[in-house]
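Sharing a structure with you now.
The values are calculated or read from the model by the stated rules, or taken from the named source; none is laboratory data. From a predicted model like this one, the values you see are computed outputs, not experimental measurements. Virtual Cβ from ideal backbone geometry, glycine too; neighbours counted across all protein chains shown. These accessible areas exclude ligands, DNA and RNA; they are computed on the full protein's heavy atoms, side chains included. Shrake-Rupley method; radii C 1.70, N 1.55, O 1.52, S 1.80 Å.
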Amino acid sequence: YSSGFIGFLIGMAINIHSDHILRNLRKPGETGYKIPRGGMFEYVSGANFFGEILEWFGFALACCTIESFAFALCTFFILSSRAKQHHQWYLEKFEDYPKDRKIVIPFLY
């Protein structure tokens with residue numbers, strides 16, 4: 001149970017840090033799009049999604065219920081789909097987008 005709680009906390013930290021990076025991509029008055037850099041964005045396009053997925057799988061592991069695993073699985077499918085759309089958009093929008101970045105799971109997908 002404690003490993004699930006630790007996974008939940010790590011996922012929450014990744015999610016909060018990734019959201020912070022996204023919120024601060026532009027300085028006041030700037031317009032246009034930028035490539036997120038730093039944190040888990042060095043590994044995946046959907047770093048905030050990865051953090052949330054990790055949170056809910058940690059929660060499911062801590063709870064050990066069918067319902068919590070079902071919720072984590074649904075979260076994975078919904079957020080990985082969104083991450084894939086974001087990843088494709090980044091690749092189309094930026095010629096210099098890091099080609100080795102995965103979609104939502106570091107080193108895998």
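Between Ala72, Gly29, His87, whose Cα lies farthest towards the positive end of the dipole of the chain when Lys and Arg beta carbons carry +1 and Asp and Glu beta carbons carry -1, centred on the Cα centre?
In the chain, that residue is Gly29.
Then there is this: Rounding to the nearest 10 and keeping the result within 0 to 90°, find how far the Cα-based axis of helix 47-63 lies from the longest principal axis of the chain.
Tilt relative to the chain: about 0 degrees.
Looking at region 1-72, which trypsin sites (Lys or Arg not before Pro) are in a loop (DSSP not H, G, I, E or B) and have at most 16 other Cβ atoms within 10 Å?
Of the trypsin sites (Lys or Arg not before Pro), the ones in loops of region 1-72 whose Cβ has at most 16 other Cβ atoms within 10 Å are Arg26, Lys34, Arg37.
Heavy-atom accessible area per residue, region 27-104, 1.4 Å probe: how many Å²?
Here the per-residue accessible area is 60 Å².
Let me ask something else. Contact order normalised by length for the chain, with contacts defined as Cα pairs under 8 Å and 6 or more residues apart; what percent is it? Working shown, then result.
Details: 143 pairs, mean separation 37.9, N = 109.
For the chain, the relative contact order is 35 percent.
A follow-up question, please. For every helix of n ≥ 4 consecutive DSSP H residues, a contribution of -39,500 (n - 2.57) applies; sum these over the chain, divide by its total residues, and give [θ] at 222 nm rounded to the nearest 500 deg cm²/dmol.
The helix contribution divided over the chain gives -21500 deg cm²/dmol.
Check each of the GluC sites (Glu not before Pro) in region 16-109 and keep only those in coil by DSSP with at most 13 other C-beta atoms within 10 angstrom; list them in order. Can you show the working numbers first?
Working: sites: Glu30, Glu42, Glu52, Glu55, Glu67, Glu92, Glu95; in loops: Glu30, Glu95.
Hits after loop and neighbour filter: Glu30, Glu95.
State the label only: which of (i) 68, 26, 18; (ii) 45, 25, 20; (iii) 52, 32, 23 corresponds to Cα extents along the principal axes in Å computed from the shown model?
For Cα extents along the principal axes in Å, the calculated option is (ii).
Let me ask something additional. What list of ³J(HN,Hα) values in whole Hz, one per residue of region 88-95 in order, does the Karplus curve 6.51 cos²θ - 1.76 cosθ + 1.60 (θ = phi - 60°) give from phi, with Gly and Pro shown as x?
Ordered by residue, 3J(HN,Hα) equals 5, 5, 4, 5, 6, 7, 10, 5 Hz.
Relative to the Cα centre, what is the charge dipole magnitude of the chain, using +1 at the beta carbon of each Lys and Arg, -1 at the beta carbon of each Asp and Glu, and rounding to the nearest 20 debye?
Values: 11 positive and 10 negative charges, 57 e Å.
Magnitude of the dipole: close to 280 debye.
Moving on. Counting only protein heavy atoms, what percent of the accessible surface of region 1-93 is carbon or sulfur at a 1.4 Å probe?
On region 1-93, the fraction of accessible area on carbon and sulfur atoms equals 64 percent.
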